[in-house]
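Since the structure comes first, as structure tokens, the remarks are kept for the end.
The values are calculated or read from the model by the stated rules, or taken from the named source; none is laboratory data. Note that the structure is predicted; figures quoted are calculated from it, not measured. In this analysis, Cβ positions are derived from the backbone assuming ideal geometry, glycine residues included, and neighbour counts consider all displayed protein chains.
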Amino acid sequence: MPELHDAFMTPSKPTADRPLLGQTVLIVEDSRFASEAMRLMCLRCGARIRRADTLASAARHLKVYCPTVAIIDLGLPDGSGHDLIHELAQARPRVPVLLATSGDPTAGPAACAAGADAFLAKPLDSLGAFLETILSRLPRDTLPRGPRAVLNDAVHPDRMALRDDLSHVMTLLDGRNSINGPGQLTYVSGFLLGLGRSMGDADLTGAAEELHAMNRDGISVAAQVSRISAMVQARIGPAGSAPF
């Protein structure tokens, strides 16, 4: 029973070097690479975490747990993160800290209009910025007393999580698995955009932006999908090799 173990074995009062002790963070993110980065930052700061990769999985978590922080990706396989943000923003009691994240740096205003307290643009690689975004919105009585340590540790997600994300993209783009309509293309281009930014891959990011624009404008995307498939396969490399 991990919940009882958490309750009895984990100190509940925050400290200067672990300022999120006592907090439970729900991460709703379909990218394993982005999720792993957030997991490492949460654990470094002392938070407990729960993870979901779809809206349906998040709903199951929320029936059991009451997170103090929710971080929600805006593009999910079974719908828009905006809907979950709006639902949680209207709920009573409300999640104390409700954050949105996306690979699209222009998505912040719409996320905040839906009810998010703040927006985290990918890549999520700054522990200091991540922590400050959360701490600045938590109730004051839950914060550590006195000066806080400056946490600027480097976060290095497992590269196998990156391979999993690249393989997921290949499955989505595979010609044997038809992409059904502009809605699914929007999801695919959004996932690619977040992944490209998280990898620091300007070429893949640009290709994802082009795919999104072509889909938006009703232009045939067959050639672009083939081009992106080749780019992703090149980054996966031979079996057993390190991704990218």
In this structure, does LEU172 turn out to be in the same structural domain as CYS42 (by TED's automatic domain parsing) and within 22 Å of GLU36 (Cβ to Cβ)? no
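So that you can scan it fast, the table gives a plain yes or no per residue for (1) under 26 Å from ALA113 (Cα atoms); (2) modelled with pLDDT of 95 or more; (3) within 10 Å of the chain's Cα centre (by Cα); (4) not basic (Lys, Arg):
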residue: GLU3; (1), (2), (3), (4): no, no, no, yes
residue: MET9; (1), (2), (3), (4): no, no, no, yes
residue: ARG18; (1), (2), (3), (4): no, no, no, no
residue: LEU43; (1), (2), (3), (4): no, no, no, yes
residue: ALA58; (1), (2), (3), (4): yes, yes, no, yes
residue: VAL64; (1), (2), (3), (4): no, no, no, yes
residue: GLY79; (1), (2), (3), (4): yes, no, no, yes
residue: ILE85; (1), (2), (3), (4): yes, yes, no, yes
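So which strands (runs of 3 or more DSSP E) stay within the range 13-118 end to end and still have 2 or more residues that are in contact with a Cys (Cβ under 8 Å, 6 or more places away or on another chain), closer than 18 Å to ARG137 by Cα and β-branched (Val, Ile, Thr)?
Working: elements: 24-28, 48-52, 69-73, 97-102.
The strands (runs of 3 or more DSSP E) meeting that bar are 24-28.
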The range 69-94: number of residues that are surrounded by fewer than 20 Cβ atoms within 10 Å (Cβ to Cβ) and in contact with a strand residue (DSSP E or B) (Cβ under 7 Å, 6 or more places away or on another chain): 1
